[in-house]
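The values are calculated or read from the model by the stated rules, or taken from the named source; none is laboratory data. The structure presented is a predicted model; accordingly, all values stated were derived computationally and were not measured. Note that we place each Cβ from the backbone using ideal geometry, even for glycine, and neighbour counts take in every protein chain shown.
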């Protein structure tokens with residue numbers, strides 16, 4: 001009998017070398033994602049098998065799993081579960097729990113064997129983020145002892161949650177010694193396939209390598225034929241096979257095997273080849289192959305014995321025949337049978353008559369229902385598998401019941417896309433089952449609500465709203481007010497996430513009216529608090545306070561702590577932004593205490609982020625930074641050890657920018673962006689980073705980042721984002737000398753924030769607009785023939801902007817926030833400059849205000865204008881000190897465009913500026929090859945900080961800080977931290 005597989009791989013040596021090179025990079029601490037594409041039969045599995053064997057021999061830990069072509073996309077986390085099962089067999093459940101860290105319980109939801117020895121884990125909120133974090137932590141810990149290969153085959157059949165996990169891991173891995181290898185069929189990747197987006201995301205990670213297995217040319221194909229038959233091909237065999245296989249390795253193997261059938265002519269269609277080989281087998285063998293093809297994955301012997309109409313001895317002989325003919329292969333570790341290649345399975349399944357197919361699916365479903373142990377599917381996906389088989393067997397009632405159960409199972413592990421697919425099936429089958437409610441175990445209205453929730457979390461928000469509307473259309477009967485109100489509240493949330501703000505507020509308003517006559521309850525408090533949050537996000541802060549107060553009253557009346565915290569959270573921000581910062585800060589401190597007490601991740605992050613924000617806007621920058629750090633620490637305590645923080649990290653970066661610590665801000669923001677953050681948080685970080693880039697003069701990078709952030713902001717329609725974005729756009733245009741465009745951005749920003757109650761956003765926009773008009777008026781007046789009409793027009797624009805600024809400042813119910821007072825003073829000084837009045841005292845007062853708030857960048861700008869005013873008044877001596885201070889501040893924080901403008905003014909006016917500092921030093925040569933991150937860590941180490949202190953300062957984990965310290969000490973050749981600091985100072989790598 002001819003062996004079908006060659007004893008060596010032919011024609012894939014280059015790809016194997018590429019994989020080995022990627023393995024070397026990953027082993028050196030640079031994680032790699034390697035994507036292998038190729039048509040069916042191209043040799044992806046063989047390449048991965050040979051590489052895996054090589055990696056194993058080179059000390060790698062192997063985590064491997066495959067995606068199933070069984071209701072493709074239905075089986076949540078199938079490859080991950082397979083990989084975890086193997087790891088548990090190798091290491092034991094306790095060791096795997098330890099490797100997964102605080103979030104091992106989430107992995108236990110996927111693989112119940114992890115829960116067997118410890119059922120006392122306290123119940124707490126779970127999230128998909130924590131599940132992903134557990135996998136990340138597992139890989140991180142495994143890579144401490146050696147390189148890790150995480151291989152996933154056939155990702156064209158992957159479920160949405162698995163694809164999301166893969167993108168998360170690839171984007172989030174930093175220095176872990178991990179190589180992720182993915183294989184997929186290129187011929188299955190039709191337009192619109194969800195894998196296309198995943199591959200694009202992986203490509204954008206910056207650590208992706210790819211190869212595609214193309215068909216063998218005639219020469220390499222001849223080598224393959226020789227390797228298969230064990231010698232030089234006789235006659236024209238190689239050419240005849242090549243002409244029909246076109247160099248596809250699997251087709252070649254099957255065509256060579258067909259010689260043994262005695263056929264003179266080799267069939268053209270490979271499917272015909274496979275079927276011809278199978279038809280040459282005994283009838284019992286063909287029956288077994290039909291069952292295995294219908295099961296759709298690896299099959300246990302007991303399941304075959306249950307479904308096949310064969311006695312035990314005959315079944316064993318039949319399996320020997322199928323394996324001997326190399327159509328089936330045995331998986332020794334799992335004691336299962338499966339097709340040698342998926343193409344053969346597909347060919348057999350496609351040939352089944354409708355009646356045979358229906359009967360086989362039904363028989364398999366019955367066997368698995370009676371004895372679930374017969375399945376190789378994990379308990380999580382058992383219901384989804386049964387739903388597939390029952391539907392194919394045309395047993396609609398059973399398919400409906402299992403679909404509902406499968407959806408609930410998927411929701412339990414936060415696999416909402418897979419839950420949505422099961423709900424889709426249930427809704428499609430519902431009208432075909434007379435006793436659908438009994439079969440499903442719930443009413444259709446409840447099914448619609450559950451489906452809407454799954455749709456929402458899987459990104460199908462518009463469909464989720466449509467389902468809620470269907471439920472609401474049948475609601476409104478007596479006694480259903482509470483249900484209707486909660487449904488409307490849910491609809492309000494979905495609409496807000498869709499960016500349909502007005503509709504969202506309308507839904508919330510209806511919800512509160514419907515619930516107004518209901519007795520106090522946690523649900524009523526929750527709805528009121530949700531409405532308050534929506535109002536706050538829309539900028540209606542005073543209305544948000546009223547709804548928050550009512551929500552707080554009800555929550556305290558019924559003892560609903562979570563709702564109380566939510567109400568206080570919103571109230572704190574709204575009070576602060578309407579001029580009552582003391583009351584607002586107090587409310588947020590209480591909200592933070594409640595969030596800490598209850599330990600719900602979303603509430604914890606929101607409370608700490610909002611508290612940091614109000615401290616920032618009230619000028620308490622150092623405390624804001626400390627609160628952000630404490631929030632990140634608390635998030636790590638609750639399970640988001642490696643990726644936690646999100647908005648809190650963005651808050652910290654924003655505060656560092658205001659403090660003029662731009663290098664630190666860029667380090668924090670860059671490290672956070674390298675991790676996979678939720679879109680809203682990453683968007684906030686992009687705004688912060690663009691602010692630094694504009695200040696430094698890297699305008700092209702800032703423009704690209706602002707454009708990306710702008711598309712997100714347009715969907716959010718929130719003044720707190722629209723205001724800063726338009727200020728930055730205007731400043732960018734101003735530095736480029738595009739005055740008309742800058743004013744356009746100011747006007748657009750004022751329109752976008754007009755519906756808000758907080759005047760701070762409008763004030764900043766007006767200040768930027770007045771700066772633009774003052775610069776433009778000065779330019780127009782300096783022309784050889786000044787155009788007075790144009791000047792008057794610019795002055796009119798400035799007058800309008802000053803009027804808007806005054807109105808915005810008066811909007812505060814109590815004393816305006818310190819930042820607002822400083823910004824209003826800035827507006828008035830710019831207005832005077834626009835009119836040609838140069839008030840040295842006014843600009844000095846503005847500068848002192850910003851310095852008192854510890855805001856060096858606007859202070860440096862004000863000192864520049866103070867010096868300019870002195871020059872215009874003919875007092876060059878008085879100009880020297882403010883211009884010198886402006887240069888010193890700008891140089892210290894890296895604001896090169898501002899520093900250059902001040903120096904140009906000083907030179908033009910012949911003002912001697914004592915900058916009080918040496919010229920910016922050239923980049924110190926680094927003979928040690930330190931990375932940017934290692935130099936930043938070294939700076940803190942040289943200050944005597946511990947690993948924990950370094951971690952908190954840079955918003956990284958203590959473990960990551962420890963790794964950086966170890967790496968840089970090794971590069972410096974230092975055995976102690978003190979020696980490393982001395983070496984760094986000797987070579988000028990840190991300041992003495």
Looking at (1) crowded, with 16+ Cβ neighbours inside 10 Å; (2) modelled with pLDDT under 95, find the lone condition where residue 124 falls short.
(1)
If you go through region 870-916, how many residues are part of a loop (DSSP other than H, G, I, E, B) and more than 30 Å from residue 702 (Cα to Cα)?
10
Starting from region 69-97, keep only residues that are under 22 Å from residue 406 (Cβ atoms), then list their pairs with residues that are at pLDDT 90 or above and surrounded by fewer than 19 Cβ atoms within 10 Å (Cβ to Cβ) whose Cβ atoms are within a distance under 7 Å, requiring at least 6 positions of separation or different chains.
83/64
Could you list, in sequence order, all residues of region 825-846 that are in a helix (DSSP H, G or I) and over 24 Å from residue 762 (Cα atoms)?
840, 841
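For every residue, the table says whether it meets (1) modelled with pLDDT of 80 or more; (2) under 31 Å from the mean Cα position of the chain (by Cα).
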position: 937; (1), (2): yes, yes
position: 941; (1), (2): yes, no
position: 944; (1), (2): yes, no
position: 947; (1), (2): yes, yes
position: 952; (1), (2): no, yes
Subset of region 495-533, residues under 25 Å from the mean Cα position of the chain (by Cα) and surrounded by fewer than 24 Cβ atoms within 10 Å (Cβ to Cβ), comes to 497, 498, 499, 500, 501
For region 148-184, give me the residue count where each residue is in contact with a strand residue (DSSP E or B) (Cβ under 7 Å, 6 or more places away or on another chain) and over 16 Å from residue 80 (Cβ atoms).
4
Among residues of region 756-806 being free of Cβ contacts under 8 Å to residues at least 60 places away in the same chain and not in a helix (DSSP H, G or I), the residue nearest to residue 831 (Cα to Cα) is 782
Identify all residues within region 687-707 that are touching a residue at least 24 places away in the same chain (Cβ under 8 Å) and within 12 Å of residue 735 (Cβ to Cβ); write none if there are none.
694, 695, 696, 697, 699, 702, 703
